[in-house]
């Protein structure tokens, strides 16, 4: 049919044209279901953070419907275990959530808050506590969740959490909560006791529970902690030092059941068995010069655990009635090895030590 | 066998019967042929001036002594010296001994008196026993025994032994003797040394010396703090009560350096003594007929003074055997050099006289030196006396030497210029005109020098072959050579095997070789080869923890359990080098401790080095020559004990998975 040739009557009889409307917009993303923020935070903390990978996986899946992502939701979840990826995830989720909610806000700030909190945790004494990590790090996620909630409130047909996801939530709580409690007990509680312990000054003289010996601290930055905090309960003295992972544990063993030789050999066997030793050096001499004729062994073990290098310095000395062993470790051997040796070599028998 | 035993037992009974018949017929005991110097006219016990109350310890004191374990104590000891004139000295001795136990009777039931029979006469004035029931029983004088001793030294010295009869616990013996000495006949100035403290407690000790006012004054010196002494014109006396026994020790010290003593002499100087002894020796040296002729072939071709001295020393040490005929004044006056040369034997003085005579003929100015082999404390020579000295050596000044070079011609085991180790540090008196005091023989910085080298081959089949060389250098070699050269190969092999197995276990059977035994200029070397079969497994990583047993073994010779008396330590240097050579497919992992254990007594050091085929461990113990006094002995013991506890060597061996071929 040629339109140019049709009569007006024909045109007038025709139904009115439909109003011109813009082409249909793509469907808004199907948002995750709303969740009370307190509930979200509580679950994230109580699961020791294990809930968050599930949350990322689910949110990525929902956000990703009809959208092409560079990776699968599972990889988003796994990748978020690394802080930079987690920051990217937060940025992307928040960008989509604010867009969906029509909120004018900077999409990047939860991600920036996440990185800021991460650095704050790592660079302050809070870094000694896993629980602090579990408490702090969900906060940026809460804000993303609040934007998701806001966007979701405009939608009536919110999907209910799938059954599978409820299972995951339960699972993360089941696994995570015991993990949180265990970590708090075995890691954070000793760390708390360490941080609450008294700080020692340079020149302070420290004795162990046995009272058999004393050591003099050459510099400040050391704290005395309850035996069992770092080593086992059989320790006579425990000190936590400056820098990362630097500590000293003292043990005593009665003579003649133990000797300098047996104590040195036993520690050597244990360390060779338990850590990858790259270099071992030992020297024996009379401690404190020739005055007291106390035979001592100073052994240095350069060790490596994966990419982490460390050094054990072990001073064993045979006093009249006991062998005293000071086991020191530092993860910063270049900075602290000298100080550790100097400290260990201040060992001397206290007047309480019975004469042979 | 059974029949033989029956026949034998029958014969035994027969002989027993005959013997008992013979015993009944024989005299009561071996009768003493009385020499002219012995006078056995003892007074009857009933006439003794000693009252019975002086012969019993109070019950309280007896309980104390019993509690301390003494079986016999000296109730009373008295030494009296009385000069009749300048020529004659009367020496009276009273000894009263009470026996507390039968063990005391068993151990010390005899008393004895020493007599130099050419100058002295002995009177036994009283010899009797107070029995527990109060009876006095005289000694059967015929049972008194005369004892001379020595297999290569003979003299007129006789020990007169009085065997008290009827002794039981609770008895007390009394012995009063008098020796009259013809002092003027003795060629050296008179002196006496008494020891007022003994191995048993002495309840009462008295000393008294009397001389005429017209005589040269007699002098008394003592370091016995418990003695109360008085001296006056013509007399000197000391007394003390309740003198405890000398405390014993596991490792005996040089007793004469520590026992309290009382020395008496006529007023004289060291120079007087030197001149008197020098005159005796020079007279023997001057009698040198035949010495020049003997020297001519001996020194033919000798190029230096050192070589000349060495040849002379070797001649006297090796070709003049040691034998002493020391009767009368020959105890201090040497045999003429010519006679010693002719006899081809002599005692220390005779050999010294010959050596000095030969040296001087060859133009070497040697001189004799009196030495004590049993004294090293100079401060114990409180008055000039020849009685301190029991030996003679030769010394000479040599250009460039640290001190005089000394030789002991009585030992064939020492090279020229090296003395037996025991002589270093001894007190000595040079017999030279310009000498006015004794001195100590200067010891070299190192007297005991031992070098141990061990090569261990850790073969791929798990066996270890050890080659051990122990080298004794310097003065220490004199000891070792003396010990080894006098024994047969079988004897020394047995000894060496025992020593080795006591340290390394009896599952080994080393073979031994010796060198340097007959050449004193060479070190004495003991070499051994031992194979330890299946000594280790072929695990990927194996830890070795052997102990440096030889370093420890030789070092422990200088340890002591003594806690009271001064302890003499010579200069010691013991070096041990242990090398471990691995199977080519193996490599050393980590190595054990280096040692740097130092004290004022010495040091123990160790260096550990990886070598291209294994590991080398060099340890060295050094002790400075020193006298360690009682208050420092505990510290010395602690040093040695704690240092030597660190002699374990440690290293680990990494093996390739394939292992190596056997070799």
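Computed from the coordinates by the stated procedures, all read-outs in this text should not be read as laboratory data. Keep in mind it's a predicted model, so treat the numbers as computed, not measured. Glycine gets a Cβ as well: all are built from the backbone with ideal geometry, and neighbour counts include every protein chain shown.
When A:38, A:109 are sorted by how many other C-beta atoms sit within 10 angstrom of their C-beta, beginning with the fewest, the order is A:38, A:109. In the calculated pair-distance distribution of chain B, the portion above 44 angstrom amounts to 41 percent of the Cα-Cα pairs.
Once you average over the residues of B:591-601, how many Cβ atoms of partner chains fall within 10 Å of each Cβ? Present the calculation step by step, with values, prior to reporting the outcome.
Working: counts 3, 9, 10, 5, 6, 4, 7, 5, 5, 2, 2.
Per residue, the average neighbour count from other chains is 5.
Label-to-label distance, residue B:58 versus residue B:241, with points set 7 angstrom from Cα along the beta-carbon direction: 0.8 nm. Estimated at 0.36 nm per residue, the fully extended path between residue B:399 and residue B:539 surpasses their Cα-Cα distance by 44.2 nm.
Between residue B:493 and residue B:387, take the C-beta separation as r, use R0 = 41 Å, and let me know the FRET efficiency to the nearest 0.05. Calculated value: 0.40.
Between 0 and 90 degrees, the angle of helix B:270-286 with respect to the longest Cα principal axis of chain B falls at about 80 degrees.
When all alpha-carbon pairs of the protein assembly as shown are counted, what percent fall beyond 50 Å?
54 percent
The long axis of helix B:489-504 is offset from the longest Cα principal axis of chain B by roughly 70 degrees.
Modelled spin-label separation between residue B:184 and residue A:72, with each label point placed 7 Å from Cα along the Cα-to-Cβ direction: 13.3 nm.
Site pair residue B:41 and residue B:609 shows an inter-label distance of 8.4 nm when each label is modelled 7 Å from Cα along Cα→Cβ. As a rough footprinting exposure proxy, the listed residues B:553, B:39, B:612 were ranked by other beta carbons within 10 Å of their own, and the order from fewest upward is B:612, B:39, B:553. Protection proxy ranking of B:479-491, B:353-365, by the mean of other Cβ atoms within 10 Å over each peptide's residues and highest first, is B:353-365, B:479-491. Sorting B:306, A:334 by the number of Cβ atoms found within 10 Å of their own Cβ, with the fewest placed first, yields A:334, B:306.
Relative contact order, whole percent, for the range A:286-328 stands at 30, derived from Cα pairs under 8 Å and 6 or more residues apart. Relative to the longest principal axis of the Cα atoms of chain B, helix B:630-644 runs at roughly 20 degrees.
Given a cut-off of under 8 Å on Cα pairs at least six residues apart, what relative contact order in percent is computed for the range A:202-333?
Details: 279 pairs, mean separation 28.3, N = 132.
Reported relative contact order: 21 percent.
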